[in-house]
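Working notes, beginning with the structure itself.
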Amino acid sequence: MDIDPSELSVAQQAALRQTSRALVERISTSYIFCFALQRHESRCTHCFAQRTSKRWFQADILLVYSDDEQRCLYDIQHHANNLNTKENRYTTVVMGRTEAMERLAAGDAFVCKVFRHGALLYSHQGGLPGRQGFICHETLLQKTREGWRRWFNNSCQFMDCAAYCLVEHNFGMAVFMLHQTVEQACKALLKVMLHMRPGTHNLAWMLKLCSTIAPEIASIFPRENPQDIALFNLLKNSYTDSRYTAGFKVKEEQAWALYYRVSSLLQIAGELSNRRITEMEQVLVPCKD
């Protein structure tokens, strides 16, 4: 389905345009696409306060940066992903122009889908390059299966290691294994649902992107109070702290709390991905008379 920003309110459309301009000002940019939009509306009635109504939207963006951009990928990702407001939220995937054009020419499912159906928010050249018009569904299904088996199997194995560490009361190593579980599960989910594999260890970014696919993921790792923030930071920082910080320690209740949350993530990723692969397989099933 083509993305149509005109479905947003006038104010939201203006916010999306402003975000696009801000990205261009920060980063040397070739193209900006919006490839997913979620609109939300909430109403609150309280006997001790006035009735409130709030609207906001969430957008997934592909930013193709120019080859003359001098900053490293990490810096580009950082500059592209800190434009959120309370009303409008953005998750940006960044990719170099050369890489994007090579993927487009090769029929990469993610890039071709975005270039074909995404909403073009900015083009340095005022237009688009030639678009790949056909992707072999059977090949796409095969690559999706392979990516799913690889990343999700990895996540399950790391989860088994985390369980062993918990039994052995090695809570610091357990949390590190849970970090790896989340990272691999997110990569599996993004491979199946968006046909992409991010080359990053940034859990916050991957979970943010996954939550646009499955909003319930955001509730697994909430960051709305100091306790939840501390718990998520413990998980995120364990990637380096468990290996390089001598005083890294984790309480038993923290490790178990993260274990149960990660278990919920695995269940969601498994159910969604298996359902999507089944849908893709059905396309190849010949119709019976």
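What follows is calculated from the coordinates using simple rules that are stated; it is not laboratory data. These numbers come from a predicted model, not from an experiment. Quick reminder, even Gly has a Cβ in these numbers, built from the backbone with ideal geometry, and neighbours come from all protein chains shown.
Listed values, structure above:
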read-out: Value of relative contact order over the chain, rounded to a whole percent, pairs C-alpha under 8 Å and six or more apart; value: 16 percent
read-out: Bridge type composition, segment 5-123 - antiparallel percent by DSSP, nearest 5; value: 70 percent
read-out: Translational diffusion coefficient (Stokes-Einstein; Kirkwood radius from C-alpha pairs) of segment 45-185 at 37 °C, 0.692 mPa s, in µm²/s; value: 171 µm²/s
read-out: Relative contact order (%) - criterion: Cα under 8 Å, at least six apart; region: segment 5-123; value: 32 percent
read-out: Peptide ranges 39-52, 173-186 listed from the most packed, as the mean C-beta count within 10 angstrom indicates; value: 173-186, 39-52
read-out: Directionally averaged projected area (convex hull, Cα atoms, segment 137-284), nm²; value: 8.7 nm²
read-out: Considering only the chain, percent of DSSP beta bridges that pair antiparallel, nearest 5; value: 70 percent
read-out: Extension gain from residue 39 to residue 169, taking 0.36 nm per residue of separation minus the Cα-Cα distance; value: 42.4 nm
read-out: Cβ-derived FRET efficiency at R0 30 Å, residue 56 paired with residue 251, nearest 0.05; value: 0.25
read-out: Ranked by how many other beta carbons lie within 10 Å on average, peptides 23-29, 244-250 from highest; value: 23-29, 244-250
read-out: Gained length - residue 145 relative to residue 229, 0.36 nm times residue gap less alpha-carbon distance; value: 26.8 nm
read-out: Phi to ³J(HN,Hα) by Karplus 6.51 cos²θ - 1.76 cosθ + 1.60 over segment 209-220, Hz, x for Gly, Pro; value: 5, 5, 5, 6, 7, 10, x, 5, 5, 4, 7, 6
read-out: Cut-off 13 Å between beta-carbons: net charge of the residues surrounding residue 66, Lys and Arg +1, Asp and Glu -1; value: -1
read-out: Two-site label geometry, residue 116 and residue 78: point separation in nm, points 7 Å out along Cα→Cβ; value: 3.7 nm
read-out: Over segment 5-123, equivalent-ellipsoid semi-axes from the Cα gyration tensor in Å; value: 32, 16, 11
read-out: Cα-based Rg of segment 39-104 normalised by 2.2 N^0.38 Å, two decimals; value: 1.69
read-out: Debye, to nearest 20: dipole size of the chain, +1 on Lys, Arg Cβ, -1 on Asp, Glu Cβ; value: 400 debye
read-out: Whole-angstrom Cα spans of the chain along principal axes, big to small; value: 59, 58, 51
read-out: Net charge contributed by nearby residues that have their C-beta within less than 14 Å of residue 207 (K/R +1, D/E -1); value: +2
